[in-house]
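A.B. asks: The structure that follows is given in the form of structure tokens.
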Amino acid sequence: MTNVVVLNSQTHRTLRVQVGASPSLGDNQHFVQVTVREFPLLVAHYPILLSKDSSTGAFYCGAMLGIDKDENLFLDGADAYRPLNLQRVPFYTVGSDLAIDLDSPRVGQNKGEPLFDENGEPTPYLKSIMATFLELRPGIEMTKVFIESLMKLKLVEPIDIDVGFDDGTKRDLVGLYTVNQDTLKRLPDATVIDLFRRGYLQLIYLMIASLKQVPVLAQKKNRRLLQAGDGH
């Protein structure tokens, strides 16, 4: 459940937000929506794939942070880029206003970063959240247009990811999509030039390059399973 209200410097003067990455604070997500602006930062750590929104059926871009549901394999202190959609929690936007989820485990009176100073002015932390949304909102729209372009050129194809582990278990990840490289190679020169000039060709190649992170992610999961089997 959420209790999202518009942030108010008087009503919420004493609120604090815990900012660390933790499963108990909502970071236990295995697939997180991302924007095209984040691709250069994501590609060094995560597979960047497409999936469909379960309620609307619309495609969106996401970074895979884990293999199993509610699993983030990057919470062990690894110095990996944290997607904006995790950085912004527990904040939202309502129209042009900044809002906060008062029921979030991050929100309270005693722990974490203050939102307002004694004069009711935004603290540096709250200003950083505002900056995050200035990056996130246009990024979401740019990503939507990028996906529409991929769809128009029939460049989206499903990808089944099958991984096996040393404890004998397997995972078959479905409902994910990537770029069809064969279709990409057959595009007319003029279309490729257009993709290049719009910056989309670089984004496409970043998505393709990010697939190299799938076996890396599987190795992280395998180590986790082995440690659990050893009782560590």
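A.B. asks: Is it the case that some residue within segment 79-97 is in a strand (DSSP E or B) and either touching a Pro at 6+ places or on another chain (Cβ under 6 Å) or basic (K, R) (or both)?
C.D. replies: no
A.B. asks: Cβ-Cβ distance below 7 Å, separation of 6 or more or different chains: which pairs start in segment 10-33 with a residue that is on the phi > 0 side of the Ramachandran plot and end on one that is hydrophobic (A, V, I, L, M, F, W, C) and buried (at least 16 other Cβ atoms within 10 Å of the Cβ)?
C.D. replies: Close Cβ pairs satisfying both conditions: G26/V89.
A.B. asks: Do we find that L211 is touching a strand residue (DSSP E or B) at 6+ places or on another chain (Cβ under 9 Å), more than 25 Å from E148 (Cα to Cα) and surrounded by 15 or more Cβ atoms within 10 Å (Cβ to Cβ) in this structure? Reasoning before the result, please.
C.D. replies: On the way: touching a strand residue (DSSP E or B) at 6+ places or on another chain (Cβ under 9 Å): yes; more than 25 Å from E148 (Cα to Cα): no; surrounded by 15 or more Cβ atoms within 10 Å (Cβ to Cβ): yes.
Taking the combined requirement at face value, the residue does not satisfy it.
A.B. asks: Let me ask another. Being within 30 Å of Q109 (Cβ to Cβ) and within 13 Å of the chain's Cα centre (by Cα) is the filter here, so list the residues in segment 1-32 that pass it.
C.D. replies: Of everything in segment 1-32, those that are within 30 Å of Q109 (Cβ to Cβ) and within 13 Å of the chain's Cα centre (by Cα) turn out to be G26, D27, N28, Q29, V32.
A.B. asks: Let me confirm something: among T178, T191, which residue is modelled with pLDDT of 95 or more, within 30 Å of R224 (Cα to Cα) and out of contact with any Ser or Thr (no Cβ under 7 Å at 6 or more places or on another chain)?
C.D. replies: T178
A.B. asks: Would a scan of segment 161-175 turn up a residue that is of a type in the set (A, V, I, L, M, F, W, C) and at pLDDT 95 or above?
C.D. replies: Looking for residues that are of a type in the set (A, V, I, L, M, F, W, C) and at pLDDT 95 or above, one finds none in segment 161-175, hence no.
A.B. asks: Can you tell me which residues in segment 53-66 are over 13 Å from V214 (Cα atoms) and buried (at least 21 other Cβ atoms within 10 Å of the Cβ)?
C.D. replies: Listed by number, the residues that qualify are C61, G62.
A.B. asks: Give, as residue ranges, the helices (runs of 4 or more DSSP H) completely inside segment 124-203 that count at least 3 residues that are free of Cβ contacts under 8 Å to residues at least 60 places away in the same chain, under 24 Å from the mean Cα position of the chain (by Cα) and loosely packed, with under 12 Cβ neighbours inside 10 Å.
C.D. replies: Numbers: elements: 124-152, 181-185, 189-197.
Because the criterion is at least 3 residues that are free of Cβ contacts under 8 Å to residues at least 60 places away in the same chain, under 24 Å from the mean Cα position of the chain (by Cα) and loosely packed, with under 12 Cβ neighbours inside 10 Å, the helices (runs of 4 or more DSSP H) in segment 124-203 that meet it are 124-152.
A.B. asks: Okay, next question. Quick one: is I100 buried (at least 17 other Cβ atoms within 10 Å of the Cβ), in a helix (DSSP H, G or I) and in contact (Cβ under 8 Å) with a residue 60 or more places away in the chain?
C.D. replies: no
A.B. asks: Within segment 67-84, count every residue that is out of contact with any strand residue (DSSP E or B) (no Cβ under 8 Å at 6 or more places or on another chain), surrounded by 11 or more Cβ atoms within 10 Å (Cβ to Cβ), modelled with pLDDT of 90 or more and under 18 Å from A228 (Cβ atoms).
C.D. replies: Of the residues in segment 67-84, 4 are out of contact with any strand residue (DSSP E or B) (no Cβ under 8 Å at 6 or more places or on another chain), surrounded by 11 or more Cβ atoms within 10 Å (Cβ to Cβ), modelled with pLDDT of 90 or more and under 18 Å from A228 (Cβ atoms).
The values are calculated or read from the model by the stated rules, or taken from the named source; none is laboratory data. Predicted model only: the values in this text are computed from it and were never measured. Cβ atoms come from the backbone with ideal geometry, glycine included; neighbour counts cover every protein chain shown.
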